Amino acid sequence: MFTVSCEELVKENFYCPHCGGWVYCPEMNLKYKTEDGKIIEKIATGCLQQDEKGNYLECPGCKTRFYLTD
Ligand SMILES: [Zn+2]
């Protein structure tokens, strides 16, 4: 089972280590503004899929699943 951390995903492009396919880029992040004007970025939940093991991103090339960790 492969995992990827949310912290890395929000900051950097993520490419599949197996086939090199592009899986996620920070431009897809959801941005929230807090009350003191700070911008918080989170993984776009629309990109995530879910199974019994948790939330994951799927490589469009080789269909490898990358489960999200905090
Ligand atoms: Zn792949």
Problem set entry | Spatially close lysines, pair count over the stretch 7-59: Cα under 18 Å, gap of eight or more or interchain | 6
Exercise. Once the other residues with Cβ under 10 Å from the Cβ of Q49 are scored (Lys, Arg +1; Asp, Glu -1), what is the net sum?
Worked result: -1
Problem set entry | Computed magnitude of the charge dipole of the chain (debye, nearest 20; Cβ of K, R +1, Cβ of D, E -1) | 140
For this session: Subtracting the Cα-Cα distance from 0.36 nm times the residue separation, let me have the gained length for T69 to K38 in nm, one decimal.
Result: 8.8 nm
Exercise. Summing Lys, Arg as +1 and Asp, Glu as -1, what charge do residues with Cβ under 15 Å from the Cβ of C16 carry, C16 excluded?
Worked result: -1
Exercise. Carbon and sulfur together cover what percent of the accessible area of the chain at a 1.4 Å probe radius?
Worked result: 49
Exercise. Viscosity 1.002 mPa s, temperature 20 °C: Stokes-Einstein D of the chain from its Kirkwood Cα radius, in µm² per second?
Worked result: 169
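The values are calculated or read from the model by the stated rules, or taken from the named source; none is laboratory data. Note that the coordinates shown come from a computational prediction; the quantities given were computed from them, not determined experimentally. Note that each Cβ is placed from the backbone with ideal geometry, even for glycine, and that neighbours are counted across all protein chains shown. Calculation scope for accessible area: heavy atoms of the full protein, side chains included, ligands and nucleic acids excluded. Shrake-Rupley method; radii C 1.70, N 1.55, O 1.52, S 1.80 Å.
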